[in-house]
Structure formats: C-alpha cells, structure tokens
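Asker: What follows is a single structure, and I will ask about it in a moment.
The values are calculated or read from the model by the stated rules, or taken from the named source; none is laboratory data. The structure presented is a predicted model; accordingly, all values stated were derived computationally and were not measured. Using ideal geometry, Cβ is built from the backbone for each residue, glycine included, and neighbour counts are taken over all protein chains shown. For accessibility, only protein heavy atoms count, side chains too; no ligands or nucleic acids. Shrake-Rupley method; radii C 1.70, N 1.55, O 1.52, S 1.80 Å.
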Amino acid sequence: MPLESPRSSIPSTVRAAGWLVVLEGLVAMGFAVYSVIRAVSGEHDQSVSNGYGLALWLIILFGGVLAGGIALVRGVHWGRAVAVLAQLLLLPVVWALLTDSHQPVLGTLLALVVLPTLVLLFSPPTTRWLADEYVPDADD
C-alpha cells in the first residue's frame with residue numbers, strides 16, 4: 001500500500017468548514033420538508049406563500065450547498081467555491097435577521113455558523129491546501 005503524499009492530506013479546517021456547510025444544507029432540507037408538510041396539510045394560506053415553491057427552491061439551492069459541504073469533508077477542492085459563495089450570500093440574511101426582521105435569536109444562530117465557516121474557509125491551512133494543487137511535483 002503506497003504512503004499518502006502530503007498533497008492528499010486534508011486540513012482539519014477544511015473538514016470543519018465542510019461539516020458546518022453540511023449542517024446548513026441539512027437544516028435547509030429539513031425546512032423544505034416542513035414546508036411541503038405545511039402545504040399538504042393546508043396549515044397556511046397558499047395565496048401568501050407557496051410551500052411547494054419554497055421547498056423546491058430550498059432543495060435546488062441548498063442541495064448544491066449540501067453537495068459542496070460533502071465535497072469539502074471528502075477533500076474535494078470545488079466544494080470550497082460553493083461554500084464560500086453560500087456564506088457570502090448568507091451574510092445579508094444574518095444582518096436582516098439581526099436588524100430589520102427583529103429576530104435576533106435566529107440571526108445570532110445563523111451568524112454562529114456563517115462567520116466561523118468563512119474564517120475556516122479563508123484560514124492559512126485551507127488556502128495552502130488549495131494552492132498545493134498548483135505547485136508542480138518535484139519529480140516533474
């Protein structure tokens with residue numbers, strides 16, 4: 001069995017960020033299921049909000065986020081781009097929840113996931129891990 005090269009080792013920052021992104025994807029998928037259940041049960045007025053449409057949007061958008069998180073946990077580089085984009089798009093949501101929406105508890109919970117994830121995604125071990133792909137091998 002060949003020894004792993006240093007290039008193939010995945011930093012803990014990448015795995016931790018990946019698990020946080022997986023958490024975001026799973027929570028959104030859970031909310032999509034909840035939206036469908038609410039829509040089917042007739043629990044809310046469909047003229048204001050369509051539970052099916054919201055569920056479809058969440059599944060499409062956060063399905064990609066979930067896939068990106070799984071990719072990061074597995075050490076696949078493209079997952080970082082998806083994760084960074086998702087975190088940058090969630091920052092205004094955090095701000096809106098903390099201010100205009102008057103939902104500081106939800107805003108704080110989301111901030112406690114989004115901000116550490118961004119820090120992990122831009123940390124030196126993560127960026128070195130990404131840059132290693134572009135460093136030529138010594139035997140070339």
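Asker: Label points 7 Å out from Cα along the Cβ direction at Phe122 and Val135: separation in nm?
Answerer: Label-label distance for Phe122 and Val135, simple model: 2.3 nm.
Asker: Can you tell me the orientation of helix 104-121 relative to the chain, as the angle in degrees between its alpha-carbon axis and the longest Cα principal axis, to the nearest 10?
Answerer: The angle comes out near 20 degrees.
Asker: Here's a follow-up. Give me the number: length gained by fully extending Ser9 to Ser41, i.e. 0.36 nm times residue separation minus the C-alpha to C-alpha distance, one decimal in nm.
Answerer: Working: separation 32, 0.36 × 32 = 11.52 nm, distance 4.83 nm.
Extra length from Ser9 to Ser41 when fully extended: 6.7 nm.
Asker: Another question about this same structure. Helix 78-98 versus the longest principal axis of the chain: what is the Cα-based angle in degrees, 0 to 90, to the nearest 10?
Answerer: Long axis of 78-98 versus the principal axis of the chain: about 40 degrees.
Asker: What would the Debye equation give as log₁₀ I(q)/I(0) for segment 49-121 at q = 0.27 Å⁻¹, counting only Cα atoms as equal point scatterers?
Answerer: The Debye formula, applied to the Cα set alone, gives -1.14.
Asker: A further question follows. Would you work out if the chain is rounded, prolate or oblate? Take a ≥ b ≥ c from the square roots of the eigenvalues of the alpha-carbon gyration tensor; rounded if a/c is under 1.5, else prolate when a/b is larger than b/c, oblate otherwise.
Answerer: Since a/c reaches 1.5 and a/b is larger than b/c, the shape of the chain is classed as prolate.
Asker: A follow-up question, please. So what is the relative contact order for segment 35-120, in percent, with contacts set as C-alpha pairs under 8 Å and at least six apart?
Answerer: Relative contact order for segment 35-120 comes out at 16 percent.
Asker: Using a Gaussian network model on the chain with a 10 Å cutoff between Cα atoms, which of Ser101, Ser123, Ser12 fluctuates the most?
Answerer: With Cα springs under 10 Å in the chain, the top fluctuation among Ser101, Ser123, Ser12 is at Ser101.
Asker: Compute the helix-to-body angle for 12-41: its Cα long axis versus the longest principal axis of the chain, expressed 0 to 90° and rounded to tens.
Answerer: 20 degrees
Asker: How much accessible area per residue does the chain have, in Å², with a 1.4 Å probe?
Answerer: Result: 63 Å² of accessible area for each residue.
Asker: Could you work out which residue, out of Gly69, Gly18, Gly53, moves most in a Gaussian network model of the chain, that is, has the largest mean-square fluctuation with Cα springs under 10 Å?
Answerer: Ranking Gly69, Gly18, Gly53 by mean-square fluctuation puts Gly53 first.
Asker: Right, next: Sort the following peptides by mean Cβ neighbour count (other Cβ atoms within 10 Å, averaged over residues), highest first: 54-62, 20-28. It would help to have the intermediate numbers written out before the result.
Answerer: Details: 54-62: 16.9, 20-28: 20.2.
Result, highest mean Cβ count within 10 Å first: 20-28, 54-62.
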